[in-house]
């Protein structure tokens, strides 16, 4: 079984749409995203500075657009049962790929999600620490008033908090032999700092235009790997995710237990493919941005 992984914020570049920029199947996605960016995303990404692209709202819209555009170019090949899971904002794309939301609805709700998160925690930031176990990390979190945002495999943890506190934590983590630093994500996603965004976001999800999960899709929650059978049963969980830590390592384990034999990281970037390869080395993994052409990607999928 193939699994599709939908990436989160932080991996944006002026070449992120090159693979799909001229593909007719991606045109509706670019058109839908234009309404929220104020410009065609293919032009937008090439004419904005790195700081402008790192703005939370912009980053979330571009991330989901990238994932959905790549999926649109291979969707006709996915005729067998396919699993799908999303990392952080990637879960918005995953719900669309699973058939719950149209592209336009997924982007509309991503727009709402981003704006609510910005209102709830405007001065936050994400960072990372690699190489410390929970016992070693816990006192640093307490000392610097930060929280775990995402648990990844291989002792890689994303941390959220105020930027000045994150910088201090990363300095202390480095003194203990860890690798640590700030991410381009300028909001403390998946921490209690965003608690006020949960209720209005859940209301937006509940009021959304949605349909049942497609018969050939298996949707796993990005926060813990639990299987989602209907949108109605999972909207609260998806909304709560913005203010609660994600256990992505558990999601990757759940995919392996499901019997997944191949993984395609839809991006943007290739971080999820690398995590899956490290966590589950027996599973064939590849990232869409590793292909030079859509034809090459389509041949990889067709080959099974």
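The values are calculated or read from the model by the stated rules, or taken from the named source; none is laboratory data. Predicted model, so just to flag it, every value in this text is computed and none were measured. When we count neighbours, we look across all protein chains shown, and the Cβ atoms used for this are built from the backbone with ideal geometry, even at glycine.
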Self-check item: helices (runs of 4 or more DSSP H) enclosed by the range 31-132 - at least 1 residues per element that are touching a residue at least 40 places away in the same chain (Cβ under 8 Å) and touching a helix residue (DSSP H, G or I) at 6+ places or on another chain (Cβ under 7 Å)
Solution: 50-53, 56-72, 90-97, 103-120
Quiz item: Before we move on, is residue 28 touching a residue at least 12 places away in the same chain (Cβ under 8 Å), more than 29 Å from residue 276 (Cα to Cα) and surrounded by fewer than 17 Cβ atoms within 10 Å (Cβ to Cβ)?
Solution: yes
Exercise. Starting from residues that are in a helix (DSSP H, G or I) and touching a strand residue (DSSP E or B) at 6+ places or on another chain (Cβ under 9 Å), keep the ones in the range 279-304 and report whichever is surrounded by the most Cβ atoms within 10 Å (Cβ to Cβ).
Key: 288
Quiz item: Got at least one residue in the range 268-278 being surrounded by fewer than 20 Cβ atoms within 10 Å (Cβ to Cβ), at positive phi and part of a loop (DSSP other than H, G, I, E, B)?
Solution: no
Practice problem: Among residues belonging to the range 122-145 that are more than 24 Å from residue 33 (Cβ to Cβ) and within 22 Å of the chain's Cα centre (by Cα), point out the one that is surrounded by the fewest Cβ atoms within 10 Å (Cβ to Cβ). | Solution: 123
Quiz item: How about the range 239-259: which of its residues are closer than 21 Å to residue 215 by Cβ and touching a helix residue (DSSP H, G or I) at 6+ places or on another chain (Cβ under 9 Å)?
Solution: 255
Exercise. Read through the list (1) surrounded by fewer than 23 Cβ atoms within 10 Å (Cβ to Cβ); (2) out of contact with any helix residue (DSSP H, G or I) (no Cβ under 6 Å at 6 or more places or on another chain); (3) closer than 29 Å to residue 276 by Cα, then give the number of the only condition that residue 14 fails.
Key: (2)
Quiz item: Quick one: is residue 239 under 17 Å from the mean Cα position of the chain (by Cα), modelled with pLDDT of 95 or more, buried (at least 21 other Cβ atoms within 10 Å of the Cβ) and part of a helix (DSSP H, G or I)?
Solution: yes
Quiz item: What about residue 89, is it farther than 18 Å from residue 26 by Cα, in contact with a strand residue (DSSP E or B) (Cβ under 6 Å, 6 or more places away or on another chain) and assigned by TED's automatic domain parsing to the domain that holds residue 271?
Solution: no
Quiz item: Of the numbered conditions (1) touching a helix residue (DSSP H, G or I) at 6+ places or on another chain (Cβ under 6 Å); (2) touching a residue at least 24 places away in the same chain (Cβ under 8 Å), residue 156 satisfies every one except a single condition; which is it?
Solution: (1)
Practice problem: Give the residue that is farthest from residue 52 (Cα to Cα), with candidates limited to residues of the range 214-230 that are within 19 Å of the chain's Cα centre (by Cα) and part of a loop (DSSP other than H, G, I, E, B). | Solution: 226
Quiz prompt | Flag if residue 11 is in the same structural domain as residue 234 (by TED's automatic domain parsing), in contact (Cβ under 8 Å) with a residue 24 or more places away in the chain and in a helix (DSSP H, G or I) | solution = no
Quiz item: List the pairs whose first member sits in the range 245-262 and is assigned by TED's automatic domain parsing to the domain that holds residue 226, whose second member is in a helix (DSSP H, G or I), and whose Cβ atoms are under 6 Å apart, counting only residues at least 6 apart or on separate chains?
Solution: 252/276; 252/279
Practice problem: Could you please find all residues in the range 218-233 being surrounded by fewer than 20 Cβ atoms within 10 Å (Cβ to Cβ) and either over 24 Å from residue 252 (Cβ atoms) or in contact with a strand residue (DSSP E or B) (Cβ under 9 Å, 6 or more places away or on another chain) (or both)? | Solution: 224, 226, 227, 229, 232
Quiz item: So which residues in the range 175-197 are in a helix (DSSP H, G or I) and buried (at least 20 other Cβ atoms within 10 Å of the Cβ)?
Solution: 193, 194, 197
Quiz item: Before we move on, is residue 161 surrounded by 21 or more Cβ atoms within 10 Å (Cβ to Cβ), at pLDDT 95 or above and more than 22 Å from residue 250 (Cα to Cα)?
Solution: yes
